[in-house]
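Working notes for the structure below.
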Amino acid sequence: MRFVLFGLLCLGVTVVFVQARKQCRARYPNDQTKAISQIQTFLAPVATVKPVVKKTVAAVKPAAKKAVAKKVVAKKVVKKVAAKKAVAKPKIACPKAYPPWHLTYRFNNRARCVGLKNVPKSTRDTVDLAAVCKTKHPKAKPMSFHSASQVEWCKKNVFACNGALTGMYVAAGKNLAPANLRNLDGEPADWHPVQTFGAPPLAFQIVSPILHAVNFKSYTAPGVTNVVCAFWL
């Protein structure tokens, strides 16, 4: 009798468990896989994985941020330096003087200041014109001319250039000849269309588009003669 009762009890418990399982499946048909995965995740050895992921993220993100920050800072610095250089760049200009200097790039494609200076009566010879130009500017020298177009430029742009003296002269003790011509600014005497109007010592006067050779002392005696001076910037 006891065994019969125990058997009925076990059968009842089994039936109840089966019915409860069916009801659970019916109510939560999609949560079984999720529950199983959660259990597997909980049981898995994640303690060794999570620290590695955190360290990797912590190591990569700040490095990327620093690299970007350095690039931005570098660009800003370059822009600021470029702006300062552009502002600090000096403008090319001739110094103030009277008669004025004239800036030109016509000669050797370099910046050059060209201007006139009065020749004092006390000046003795053509070679002394070098000292006259230095009174206008320490770097100035009597200017040489190398083409008719250069003479024409001076005539049009420098007031009273026509009639002024150039830096060309005849070497001491020599006759007037192309091989004996020199320039006080050190440039070669490679252009010399000259008409002679005087005895030595000679000076070379601009009468556009050529030059006239005149007697230096008689030409400068009135005190109104100018010499063309120039210097490179």
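Out of curiosity, is Ser144 in a loop (DSSP other than H, G, I, E, B), buried (at least 18 other Cβ atoms within 10 Å of the Cβ) and among the polar types (S, T, N, Q)? So that I can check it myself, show each step before the final result.
On the way: in a loop (DSSP other than H, G, I, E, B): yes; buried (at least 18 other Cβ atoms within 10 Å of the Cβ): yes; among the polar types (S, T, N, Q): yes.
Taking the combined requirement at face value, the residue satisfies it.
Quick check on my filter: what residues within the range 206-224 are crowded, with 21+ Cβ neighbours inside 10 Å and not in a strand (DSSP E or B)?
Phe216, Thr220
Within the bounds of the range 106-115, is there any residue that is of a type outside the set (Gly, Ala, Ser), buried (at least 19 other Cβ atoms within 10 Å of the Cβ), more than 31 Å from the chain's Cα centre (by Cα) and not in a loop (DSSP other than H, G, I, E, B)?
As a first pass, look at the range 106-115 and keep what is of a type outside the set (Gly, Ala, Ser): 106-110, 112-114.
Now narrow it down to the ones that are buried (at least 19 other Cβ atoms within 10 Å of the Cβ): 107, 112-114.
Applying the additional criterion that residues be more than 31 Å from the chain's Cα centre (by Cα) yields none.
Within the range 106-115 (the criterion being of a type outside the set (Gly, Ala, Ser), buried (at least 19 other Cβ atoms within 10 Å of the Cβ), more than 31 Å from the chain's Cα centre (by Cα) and not in a loop (DSSP other than H, G, I, E, B)), the answer is no, since none of the residues qualifies.
Filter the range 147-168 for residues that are more than 32 Å from the chain's Cα centre (by Cα) and not in a loop (DSSP other than H, G, I, E, B) and give the result.
Ala148, Ser149, Val151, Glu152, Lys155, Lys156, Leu165, Met168
Test Gly186 against the stated conditions and say whether it is part of a loop (DSSP other than H, G, I, E, B), touching a strand residue (DSSP E or B) at 6+ places or on another chain (Cβ under 8 Å) and on the phi > 0 side of the Ramachandran plot.
Values: part of a loop (DSSP other than H, G, I, E, B): yes; touching a strand residue (DSSP E or B) at 6+ places or on another chain (Cβ under 8 Å): yes; on the phi > 0 side of the Ramachandran plot: yes.
For Gly186, the condition - part of a loop (DSSP other than H, G, I, E, B), touching a strand residue (DSSP E or B) at 6+ places or on another chain (Cβ under 8 Å) and on the phi > 0 side of the Ramachandran plot - is met.
Bear in mind these aren't lab numbers, they're just calculated from the coordinates by the rules spelled out. In this text the structure is predicted, and so the values were computed from the model without any measurement. FYI the Cβ positions are ideal-geometry reconstructions off the backbone, even for glycines, and counts take in every protein chain you see.
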